[in-house]
Amino acid sequence: MSAHDAISLWDVSAQEPDFRASLDQDTTVDVAIVGGGFTGLSTALHCAEKGLSAHVIEAEQIGYGGSGRNVGLVNAGVWLPPRKVREVLGDTYGPRFVRLFGKGPEIVFSLIEKHQIRCEVTRSGTIHAAHGPSGFADLEARHKDWQQLGEPVDLLGREEVSELIGTDHFHGGLVDHRCGTINPMGYCRGLARAALGAGARISTGLRATKLRRDGHLWKVETKGGVVTARSVVLGTNAYSDDLWPGLKRVFTVINYFQLATRPLGPEAGYILPGRQGVWDTGQIMFNLRRDAHDRLLIGSMGKVMGHKDGGLTHRWAQKRIARLFPGLGPVEFDEAWHGQIAMTPDHLPRIHQLAPNLYTPIGYNGRGITTGTIFGKTMSDLLTGMDPADLPLPISDMSTVPTAPLMSRLYQSAFTANQIIRAI
């Protein structure tokens, strides 16, 4: 694939090879999985390792959705701080969820090591940077939560964070030593390779057009054939379509964009010398990281307005980099792209049972790498006899968010206005 039709920088820079295969006949398996991203491939890998026959059906290419457009930060926990998770999920599920998702990065890194996935992995932590005094107060509360749990998370002041990032723009930060960064497409393709090696099957360029119950079995119809299965897992998250009525309205879609500079020279070595990933506490969040090839990646909520060489988002990125690193000078960009995030009203993911033996983990709120990986293993456990009461959160029925389409439009308007203001 050439750079001009790539879905992201990661699409062309990933060391793991792409995988494409069609389906030209009907087939029967234990579990059919719709979606070839982190969730679907983790489900396929873990199901195959447990002896289940699994078939992934992907409408486009491996990692086409949020997985291949991800920022690449492997973070612990979820959007909410631990104390809020416990308040929402209660005394039984809350502590269990916090423990498991606190181990999320280690689960990802262990898979990378086990299967020797080539994805430019770093394990130097991530930095949650305070955009102002109120942001630092929030980080102080989060730090207290993690300290009470004995986790390796440090709260740093302005001067210490400035040394780590290379700018005095931030008021302090929370450094989580459990975390790191990856090339997300490399990780996604590596999961596909591992799943195939374990005996799973993957079909790409094949959209699931109909899902119907036939006795005690499910039929997933595609233009290439019908996949019959005892169980079905929908791993489509923010890219859910109309395959199951109403599913794409259980969350609010927001967009998130990225620009990647061309590789920078040694004069930029002071920027994130430890290569930690950064995201901030601002209401309209933005991120920063330096990849293995010394490209600077910068992004925020919203869509790419224009392209990598010009337009509103290009001006936004130039201005933002100039404010953060005034000595760097103008930069040129290799790629610009955006993806979709599924946001839930309480900022926690869901596991919905849509019908007998039909499940969907959904609503990842921007934490796709760890959440998709964890829920893939969870699905395999559930399909091989795990007591649902032992899940990290209770299974729930699908509940739509009536205001989701309106909220998506309002958010997009706010994100575009933010780009305009910051591009001046």
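The values are calculated or read from the model by the stated rules, or taken from the named source; none is laboratory data. Given the structure is predicted, the values throughout are model-derived calculations rather than measurements. Virtual Cβ from ideal backbone geometry, glycine too; neighbours counted across all protein chains shown.
Values as computed for the structure displayed
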quantity	calculated
Answer residue from region 135-147, given it is touching a residue at least 40 places away in the same chain (Cβ under 8 Å) and of a type outside the set (Phe, Trp, Tyr) and is surrounded by the fewest Cβ atoms within 10 Å (Cβ to Cβ) among those	Ala141
Asn255 being over 17 Å from Ile7 (Cα atoms) and part of a strand (DSSP E or B)	no
Condition check for Gly77: part of a loop (DSSP other than H, G, I, E, B) and crowded, with 23+ Cβ neighbours inside 10 Å	yes
Single match in Gly363, Gly339, Gly376 (criterion: surrounded by 19 or more Cβ atoms within 10 Å (Cβ to Cβ), touching a Lys or Arg at 6+ places or on another chain (Cβ under 6 Å), more than 30 Å from Asp294 (Cα to Cα) and small (Gly, Ala, Ser))	Gly363
First in region 369-386 and touching a residue at least 40 places away in the same chain (Cβ under 8 Å), second anywhere and surrounded by fewer than 23 Cβ atoms within 10 Å (Cβ to Cβ) and outside any helix (DSSP H, G or I), Cβ under 6 Å, 6 or more apart	Ser380/Lys50; Leu383/Ser231; Thr384/Lys50
Any hit, region 313-336, residues being within 16 Å of Thr416 (Cα to Cα), without any contact (Cβ under 8 Å) to a residue 12 or more places away in the chain and surrounded by fewer than 20 Cβ atoms within 10 Å (Cβ to Cβ)	no
Positions within region 1-43 being assigned to a loop (DSSP other than H, G, I, E, B) and polar (S, T, N, Q), in sequence order	Ser2, Ser8, Gln15, Ser22, Gln25
Qualifying positions in region 68-105 - in contact with a strand residue (DSSP E or B) (Cβ under 9 Å, 6 or more places away or on another chain) and either modelled with pLDDT of 95 or more or among the hydrophobic types (A, V, I, L, M, F, W, C) (or both)	Gly68, Arg69, Asn70, Val71, Gly72, Leu73, Val74, Asn75, Ala76, Trp79, Gly104, Pro105
Any hit, region 33-44, residues being farther than 30 Å from Gly150 by Cβ, more than 20 Å from the chain's Cα centre (by Cα) and crowded, with 21+ Cβ neighbours inside 10 Å	no
Hey, His115 in contact with a Ser or Thr (Cβ under 9 Å, 6 or more places away or on another chain), at pLDDT 95 or above and not basic (Lys, Arg) or not	no
Qualifying positions in region 395-424 - over 30 Å from Met305 (Cα atoms), at pLDDT below 95 and part of a loop (DSSP other than H, G, I, E, B)	Asp397, Met398, Ser399
Checking Thr371 against (1) outside any helix (DSSP H, G or I); (2) surrounded by 14 or more Cβ atoms within 10 Å (Cβ to Cβ), the condition it does not meet	(1)
Selection count, region 150-166, where residues are surrounded by fewer than 19 Cβ atoms within 10 Å (Cβ to Cβ) and not charged (D, E, K, R)	4
Out of Val226, Val250, Val278, sole residue that is in contact with a Lys or Arg (Cβ under 9 Å, 6 or more places away or on another chain), surrounded by fewer than 20 Cβ atoms within 10 Å (Cβ to Cβ) and either β-branched (Val, Ile, Thr) or touching a residue at least 40 places away in the same chain (Cβ under 8 Å) (or both)	Val226
Test: residue in region 312-324 that is part of a loop (DSSP other than H, G, I, E, B) and closer than 30 Å to Leu272 by Cβ	no
Residue list for region 112-123, restricted to those being within 19 Å of the chain's Cα centre (by Cα), assigned to a loop (DSSP other than H, G, I, E, B) and in contact (Cβ under 8 Å) with a residue 60 or more places away in the chain	Ile117, Arg118, Cys119, Glu120, Val121
Sole exception among (1) small (Gly, Ala, Ser); (2) in contact with an Asp or Glu (Cβ under 6 Å, 6 or more places away or on another chain); (3) within 25 Å of Pro349 (Cα to Cα) for Ala238, by number	(2)
Residue in region 84-97 that is in contact with a helix residue (DSSP H, G or I) (Cβ under 6 Å, 6 or more places away or on another chain), basic (Lys, Arg) and buried (at least 17 other Cβ atoms within 10 Å of the Cβ) present	yes
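Matching residues to (1) at pLDDT 95 or above; (2) among the acidic types (Asp, Glu); (3) over 15 Å from the mean Cα position of the chain (by Cα); (4) part of a strand (DSSP E or B):
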{"residue": "Val232", "(1), (2), (3), (4)": "yes, no, yes, yes"}
{"residue": "Asp242", "(1), (2), (3), (4)": "yes, yes, yes, no"}
{"residue": "Pro245", "(1), (2), (3), (4)": "yes, no, yes, no"}
{"residue": "Ala260", "(1), (2), (3), (4)": "yes, no, yes, yes"}
{"residue": "Pro263", "(1), (2), (3), (4)": "yes, no, yes, no"}
{"residue": "Tyr270", "(1), (2), (3), (4)": "yes, no, yes, no"}
{"residue": "Gly274", "(1), (2), (3), (4)": "yes, no, yes, no"}
{"residue": "Leu288", "(1), (2), (3), (4)": "yes, no, yes, yes"}
{"residue": "Val304", "(1), (2), (3), (4)": "yes, no, yes, no"}
